[in-house]
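Report on one structure; see the data block that follows.
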Amino acid sequence: MKYICTLFFFFIITSSFNNPFSANENTSDKVVYDVVFREGLAGKYEKWKTNKNTVNYYYTYTDRGRGPEFLEELTFNKKGYITSQSVSGVNYLKDSIQEFFKSEKHKATWLNPKGERKGDFNGDALYFRYDGSPAIYEVLAKLLMSSEDEKVKLYPKGEVELVDKRAISLSNSTLINLLMVKGLDMNPTYLWMIGDEMVAKISGNLHIIRTDLKELRLEMKGIQDAIEDEYLADVAKKVTHKLDQVIIKNVNVFTAQGTLLKNQDVVVDGDNIESIKASDDQEISKEIKVINCGGKTLMPGMFDMHTHNTKFRGMLHVAGGVTSVRDLANNKQLKVLSKQFNTNEIIGPRIVTFGGIIDGDGPYANQRNVVSSVEEGLSEIQEYKDLGYEQIKLYSSIRPEWVAPLTKRAHELEMRVSGHIPAFMTATQAINQGYDEIQHMNMVLLNFLSDTIDTRTPLRHTMSAYHGVDLDLKSKEYLDFVHLLKTKNIRIDPTVSIFENMFVSVKGEPSPTYVKIIDRLPLLNQRDYYSGGLPKSGEKITRYKGSFNKMLAVVYDLYEKGIEIVPGTDGLPGFLYHRELELYAQAGIPNAEVLKIATIKSAEMTGVSESYGSIEVGKKADLILIDGNPLEAISAIRNVEWTMKGGNLFYAEEVYQAMGIQHFK
């Protein structure tokens, strides 16, 4: 009965929308924004008043067949706080969304992915929806600017703060304010305001800008980029501890053979490992810094082999013990970011492999480095080579007939080729035409279905989720494929942790992928992990979970048969990497081997093992201290106390605190 009442209530407050995805075209005071994704016009955002206190919003954009579409209605009290809200539509993964908030007589009722709730409400706190249009940011900005202490309480809990407000005159003399807000996300939220109206929100690859200002978008982005760099440089100065000579005392050292050397003293001079010897009680000069470890575990910095780096993600890598990464698709200015990481201007990992992405044109193109012909693809490969890139990543819209000439040219330039399997092609065909590596375990499962699947679309996820469970690891087809991998030395980059979140998580419950850390995260990051992944009901729930378990079975089988496993995430740095390693252990790979895959084996695969990947005299002091023993319990890998990189020491607790994240203790 309660569920029926909830649906009836939601129907009442949304019944004014005859067509949930059709904004009122007759509204004269509508304000329209462009939604730009990866520098392509991808959608729109609209808002219009329906009465004095009520505003409607429509928001949508597309990303390779994915993307949200929302219709939203907000009603406000005299103070500017939301008194009622309704959101309907579909989220980024096209799962249906129905959310509401309603207050009356000092009481509030709300429905979101966690279920229906009730509580006291005095109209002086802001309910922040789980998913919806950008409207909430404009509401928040207005409240912050009118607040005496520049803080706003969130409902039912939380608080955000306006930490900076800058008046800026754009090149056309437009006067505008840029707000920096902290408390919502791991990174500051930036909002562009004219008066009390939000005219732009620029975040990574997703830009929302009022159409009359669209010609100024890149100018605004440049200004914001400089301010973001200034902020991150300031954080780096605050949390970086420069090292000269240090003794890491009484520590258990993880070796390249997968064992522990107990009770060791490791002497580090700047960025180099000077000596490793059994711990003793000899007097140490007061000039030398001593870190007493009490029998904790010292490991080499780890390698995340599937990343897409941004200046904000770097701190998460380092705090999580990841000091080296492969970047497998980014813009062509990545070398600039790499230099900022290497000089510690901005905290971040060492990028040891630069992978240039190439995609074919079409409705599902990646929108980054898109080509329309083989000739253009060959030119892109040469340009990447000239920029110093070591690897080419082909994407889903590449035509199957282009693969052979593109891989041939890359190999002539001594570049590896990896990627998604192009639409209407199988992994076997891609390998036979020159692939050296396959990204994502779903691309492996799709090999046993059909070459007629349009993997440019979300079918690459839903088909593998539904049918993967049926794969027989003893079948001739599967064994022939593994033999092909073995004979051609093909690597597999499983990224199984992202599929756990897609296939196994249930809407309204914390994702098993993030459940161990979700309470440590800021508000919006917590809410990301209640969305439930791919839409699923009925038999799909069982089949999708079975397909994920089959992915783990394949990971273990490939490891057993000598296929190189590449530990990558393609997602939330640090935390998702820890989960990836846990899942390898869950699949059956011994903990010691998992840790070797994460360190020395990845260093060997990326050609940097002479300096990184193991703790040896003469190597670089890329080191992490673990509170616990991951050889006994792999989850101890989450307990990174500090990371040493480039002659600098970073305490994880300090880095996390700068991002609004609680430490593991």
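The values are calculated or read from the model by the stated rules, or taken from the named source; none is laboratory data. Everything numeric here is computed off the predicted structure, so don't read it as measured data. All Cβ positions, even for glycine, are placed from backbone atoms using ideal geometry, and neighbour counts span all protein chains on display.
Quick check on N501: is it in a helix (DSSP H, G or I) and assigned by TED's automatic domain parsing to the domain that holds A587? Judged against the criteria, N501 is a match.
Residues that are surrounded by fewer than 20 Cβ atoms within 10 Å (Cβ to Cβ) and among the basic types (K, R): does the stretch 460-468 have at least one? No, the stretch 460-468 contains no residue that is surrounded by fewer than 20 Cβ atoms within 10 Å (Cβ to Cβ) and among the basic types (K, R).
Here is a yes/no grid of residues against (1) among the charged types (D, E, K, R); (2) crowded, with 22+ Cβ neighbours inside 10 Å; (3) closer than 26 Å to F37 by Cα:
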| site | (1), (2), (3) |
| --- | --- |
| N292 | no, no, no |
| D304 | yes, yes, yes |
| H308 | no, no, yes |
| G314 | no, yes, yes |
| V322 | no, yes, no |
| L334 | no, no, yes |
| N344 | no, no, no |
| D359 | yes, yes, yes |
| S379 | no, no, yes |
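Applying a threshold of 9 Å to beta carbon distances and a minimum spacing of six or more residues, or different chains, the list of pairs starting in the stretch 294-305 at a residue that is modelled with pLDDT under 95 and ending at one that is buried (at least 24 other Cβ atoms within 10 Å of the Cβ) and in a strand (DSSP E or B) reads G294/V251; G295/V251.
A count restricted to the stretch 506-554 and to residues that are crowded, with 20+ Cβ neighbours inside 10 Å, among the polar types (S, T, N, Q) and out of contact with any Lys or Arg (no Cβ under 9 Å at 6 or more places or on another chain) stands at 3.
Of all residues in the stretch 561-582 being over 23 Å from N525 (Cα atoms) and in a loop (DSSP other than H, G, I, E, B), which is nearest to the chain's Cα centre (by Cα)? Per the criteria, the residue is P567. Looking at this structure, is S96 in contact with a Ser or Thr (Cβ under 9 Å, 6 or more places away or on another chain), small (G, A, S) and surrounded by fewer than 20 Cβ atoms within 10 Å (Cβ to Cβ)? Answer is yes for this residue.
Listed by first and then second residue, the pairs with beta-carbon distance under 9 Å, at least 6 apart or on different chains, first residue in the stretch 44-56 and modelled with pLDDT under 95, second of a type in the set (S, T, N, Q) and not in a strand (DSSP E or B), are K49/T27; T50/S16; T50/N24; T50/T27; N53/N77. Counted as qualifying within the stretch 169-277 are the strands (runs of 3 or more DSSP E) with 2 or more residues that are farther than 23 Å from L143 by Cβ and of a type in the set (A, V, I, L, M), namely 245-254, 260-269. When the criteria are applied in full, I392 fails the requirement of being within 24 Å of T462 (Cβ to Cβ), of a type in the set (V, I, T), surrounded by 18 or more Cβ atoms within 10 Å (Cβ to Cβ) and not assigned by TED's automatic domain parsing to the domain that holds D63. I need the full set of residues from the stretch 637-659 which are in contact with a Gly (Cβ under 7 Å, 6 or more places away or on another chain) and at positive phi, in order please. Once the filter is applied, which keeps residues that are in contact with a Gly (Cβ under 7 Å, 6 or more places away or on another chain) and at positive phi, the stretch 637-659 yields only G647. When the stretch 105-121 is limited to residues that are without any contact (Cβ under 8 Å) to a residue 60 or more places away in the chain, outside any strand (DSSP E or B) and in contact with a strand residue (DSSP E or B) (Cβ under 9 Å, 6 or more places away or on another chain), the one that is farthest from A141 (Cα to Cα) turns out to be H106.
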